[in-house]
Amino acid sequence: MEAIKKYLTVNKLTQTAFAIKCKITPGRLSQILRGEDPSLSLIRVMEKMSDGAIRANDFTDIPTTKPTD
C-alpha cells in the first residue's frame, strides 16, 4: 500500500509505531502493506491517525477523477 508507505517515510515512522497509533498489531499492518484489505473502520482510523494523508480511496482501484472524453 503506497499511501501508507509514503506516510511512514515522510513522517519517519516505523511500521510498529504507526500500528500502535492505530491500535492494531504490527503484524496486521504488515498484512495490509502486502495487499490485504483493511476493514472500513480501520481505514477510518488510519485516515484520522494520519491527519488525512491516508484515505479510503487509497485502497481502491477506482480513479478519483472523471476520465475526459
When residues of the range 1-30 are limited to those that are of a type in the set (D, E, K, R) and within 13 Å of the chain's Cα centre (by Cα), the one least open to solvent (accessible area, probe 1.4 Å): 28
Matching residues, the range 17-35, being among the basic types (Lys, Arg) and outside any loop (DSSP other than H, G, I, E, B): 21, 28
Sole exception among (1) out of contact with any Phe, Trp or Tyr (no Cβ under 7 Å at 6 or more places or on another chain); (2) not in a helix (DSSP H, G or I) for residue 54, by number: (1)
Enumeration of residues in the range 31-51 that are polar (S, T, N, Q) and either closer than 15 Å to residue 13 by Cβ or open to solvent by less than 70 Å² (accessible area, probe 1.4 Å) (or both): 31, 39, 50
Pairs where the first residue, in the range 12-38, is more than 19 Å from residue 52 (Cβ to Cβ) and the second is of a type in the set (A, V, I, L, M) and open to solvent by 60 Å² or more (accessible area, probe 1.4 Å), C-beta under 9 Å, 6+ apart: 26/20
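The values are calculated or read from the model by the stated rules, or taken from the named source; none is laboratory data. Please read all numbers here as calculations on a predicted model, not as lab measurements. Note: ideal-geometry Cβ built from the backbone for every residue, glycine included; neighbour counts use all protein chains shown. Protein only, heavy atoms only, side chains kept; ligands, DNA and RNA dropped before computing areas. Shrake-Rupley method; radii C 1.70, N 1.55, O 1.52, S 1.80 Å.
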